[in-house]
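Chemist: Sharing a structure, written as structure tokens. Questions coming.
The values are calculated or read from the model by the stated rules, or taken from the named source; none is laboratory data. What you see is a predicted model, and the numbers here were worked out from it, not measured in a lab. When we count neighbours, we look across all protein chains shown, and the Cβ atoms used for this are built from the backbone with ideal geometry, even at glycine. Remember, those area values only see protein heavy atoms, side chains included, never the ligands or the DNA or RNA. Shrake-Rupley method; radii C 1.70, N 1.55, O 1.52, S 1.80 Å.
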Amino acid sequence: MAIRSRRPGAKAALLPVLLTGALALAACSSGGSSGTASPGGAAAKTLVIDTSFDLKTADPGRTYEPTGLIIGKAAYETLLTFTGSDVTKPVPALAESFEMSGDGRTLTLKLRQGATFADGSPVTADDVVFSLDRVRDMKGTPSFLLDGVKVAKTDETTITLTSKTANPALPYILPNPALGILNSKVAKEHGATADAGDKAEQYLNSTSAGSGPYTIESFNVSNQVVLKANTAYWGPAKPVYDKVVIRNVEAATQKLNVSRGDSQVALNLSGDQVAGISGNLQVKKTASPNVLFLLANQDTSVSKVTSNPKFVEAMRKGVDYPGLLELAGEGAVQAPGVIPSMLLGALPPDQAARRDVEGAKAALKESGVTDPKVKLEYPSELTVNGLSFQPFAERIQANLKEVGITVDLAPAPIATALDNYRNGKEELGLWYWGPDYPDPSDYLTFLPGKLVGLRAGWKAGADKGLEAAGEKAAVTIGDDARKQAYTDIQAKLNASGPFITLIQPSQNIVTAASVTGLEFHPVWTVDVADLGTK
């Protein structure tokens, strides 16, 4: 969540819900099947999903919040997608095939024939061009996804996306539900335009204009969203549930609801909460794509202590990483670098930092800093995967005390903490980053002069070799070459950068035994259309 209106670590819209608190709703689904009759006469099947809302809009061209992406994935389809939880290989969706040019600048996609919107009208090349132009030119939260990309219709079934420079990340960006394809005729009738004058959001918050397996029946950003099956869905796998109710529920109540059968899916339980789960329930545990990290400000006007490279080395060697994993709970893993484990270019576990207290003391002595005292800032009420920052800050404080570093903890309300973080004023900061899209190029933001680099006071020109490596990696073509480029960058970041990567918390999803097909996805959390029942 970054600062282009995205999260403090990757999607900034996480904040409003965390600030106002999640609303616990009374449970009512009675195990997942309602007593109403479907058109065929059988009992209608209803799936109830409890989650802590991070939601602003259902307009695919404006949404970039986790809950919004769940809804967008169900109601709209994209040109490309991913299969299950695998984000290493984009696959066709509304496009039946795609090909990147040798120079990495032009992506050509052939549209699938027979795809239709919920009203039965065909998905056309014109719909694609309008939808993508709208996202790029409305200048909403997800517009950065298509910065510098020109969209063109070559013929009735062919679309080209052309970038000014090589853009190997583009096939990994296109599956994002924010790039879902709208029925342009319907959308235009309700105020949609491909510029900042667009007025279709209110309409798209009340219904949907996509080709996905579900449509929006009702939408409330505070309480719940109800999806209903698209009975005219064109795809081979028809939606299993007649209705899907997504409710805004705090984590403790999510556990209670799923345990007693009032919901069938709980998305936001911590490791400690799932450890106490019993009964006939399924628990899906996997490392989340979020990476917790420390930053040490390199701006000498902010701190002459943290800008000392030997001091940063002392901190990196002084942290007890297994101790942090113990706090995080089962399913969490240590983060060897800024790129999370499920993405191309992630460092292998054996390259993760290890605690070396004596080495940390030696580095501190070499720094020439005596009796250092530094302030560690972090958001007091923000949680990531059910975890608060306070226990981690306290553990880091204790770890560094053993090395000879005094850390004063400075938790602050999210608005205050974010202001200092975004403006590069924190001496030490404890934050997290999650992928805007599942491609390693999203992590070049940690380099000097880039978004997160600047938050650590790391200005352009601070490490010209690393900056040049980043520029080269951004346009490198081919998975093998890209993997090598990004692992090399992270190794250099770990050796001399101002960031200390800590852990990837566990992503825990609990479902009723009857629910099938659930796979955690780092972009849209869960694909409702994949969910079935025994």
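Chemist: Identify all residues within segment 468-485 that are loosely packed, with under 14 Cβ neighbours inside 10 Å and farther than 18 Å from Thr88 by Cα; write none if there are none.
Modeler: Ala468, Glu471, Lys472
Chemist: In segment 77-106, which residues are over 18 Å from the mean Cα position of the chain (by Cα), open to solvent by 10 Å² or more (accessible area, probe 1.4 Å) and either small (Gly, Ala, Ser) or closer than 14 Å to Ala529 by Cβ (or both)?
Modeler: Glu77, Ala93, Ser97, Ser101, Gly102
Chemist: Another question, if that's okay. How many residues are within 27 Å of Pro90 (Cβ to Cβ) and assigned to a loop (DSSP other than H, G, I, E, B) if we restrict to segment 488-508?
Modeler: 1
Chemist: While we're looking at this one, here's another question. In segment 108-152, what residues are aliphatic (A, V, I, L, M), open to solvent by 30 Å² or more (accessible area, probe 1.4 Å) and in contact (Cβ under 8 Å) with a residue 40 or more places away in the chain?
Modeler: Listed by number, the list holds a single entry, Ala118.
Chemist: Which residue is modelled with the lowest pLDDT, if the candidates are limited to segment 444-467 and must be open to solvent by 30 Å² or more (accessible area, probe 1.4 Å) and hydrophobic (A, V, I, L, M, F, W, C)?
Modeler: Selected residue: Leu451.
Chemist: Also: Got a number for residues in segment 107-148 being of a type outside the set (Ser, Thr, Tyr) and within 26 Å of the chain's Cα centre (by Cα)?
Modeler: Final tally of qualifying residues: 20.
Chemist: Residue check, Leu324 against (1) open to solvent by less than 10 Å² (accessible area, probe 1.4 Å); (2) touching a Ser or Thr at 6+ places or on another chain (Cβ under 6 Å), all met but one. Which one?
Modeler: Against the list (1) open to solvent by less than 10 Å² (accessible area, probe 1.4 Å); (2) touching a Ser or Thr at 6+ places or on another chain (Cβ under 6 Å), Leu324 comes up short only on (2).
Chemist: Just checking, how many residues over segment 339-363 are buried (at least 17 other Cβ atoms within 10 Å of the Cβ) and not in a loop (DSSP other than H, G, I, E, B)?
Modeler: Matching residues across segment 339-363 total 3.
Chemist: Among the residues of segment 509-523, is any assigned to a helix (DSSP H, G or I), open to solvent by 30 Å² or more (accessible area, probe 1.4 Å), among the charged types (D, E, K, R) and farther than 27 Å from Leu294 by Cβ?
Modeler: No, segment 509-523 contains no residue that is assigned to a helix (DSSP H, G or I), open to solvent by 30 Å² or more (accessible area, probe 1.4 Å), among the charged types (D, E, K, R) and farther than 27 Å from Leu294 by Cβ.
Chemist: Could you give every pair whose Cβ atoms fall below 7 Å, whose first residue belongs to segment 315-339 and is more than 20 Å from Val374 (Cβ to Cβ) and of a type in the set (Gly, Ala, Ser), and whose second residue is part of a helix (DSSP H, G or I) and open to solvent by less than 30 Å² (accessible area, probe 1.4 Å), counting only separations of at least 6 or pairs across chains?
Modeler: Final answer for the pair search is Ala328/Gly271; Gly329/Gly271; Gly331/Gly271; Ala332/Gly271; Gly337/Gln490; Gly337/Leu493.
Chemist: In segment 153-180, what count of residues is obtained for those that are farther than 25 Å from Pro440 by Cα and crowded, with 24+ Cβ neighbours inside 10 Å?
Modeler: 0
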